[in-house]
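For reference, the structure is listed below as structure tokens.
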Amino acid sequence: IFVTHDIDEAFKLGSRIILFDSGNIVQQGTKEEMLFNPKNSFVEIFFGIKNFTAYLNSAIVKDVMCTPLIKEKSIHMVNENSSLIEAIKILFDLK
């Protein structure tokens, strides 16, 4: 058990997260469950866009992507252990 108020830290270190409000458990689950299936508006607001960025920083490419990024016959490789935010930065550089 690790207690933190830092969402980035919780997403990187925790396999399961428990969110409390006024001493009561509001929701528990994986970071994906917390972000994409909030049980109520408190959870949805708590895990807003700032914390979605935390998710992108902690998720890795190999879990969500199977093919290399291709543009004009050049292949832009992304390490499978790179964070999703790093891969997204490469996508924006492909303009």
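The values are calculated or read from the model by the stated rules, or taken from the named source; none is laboratory data. All of these numbers come straight from a predicted model, not from anything done at the bench. Using ideal geometry, Cβ is built from the backbone for each residue, glycine included, and neighbour counts are taken over all protein chains shown. Just the protein is used for accessible areas: all its heavy atoms, side chains included, with ligands, DNA and RNA removed. Shrake-Rupley method; radii C 1.70, N 1.55, O 1.52, S 1.80 Å.
The figure for Asp21 is an accessible area of roughly 60 square angstrom, using a 1.4 Å probe on the protein chains alone. Averaged over residues, the count of other Cβ atoms within 10 Å places the peptides 83-90, 27-34 in the sequence 27-34, 83-90, highest first.
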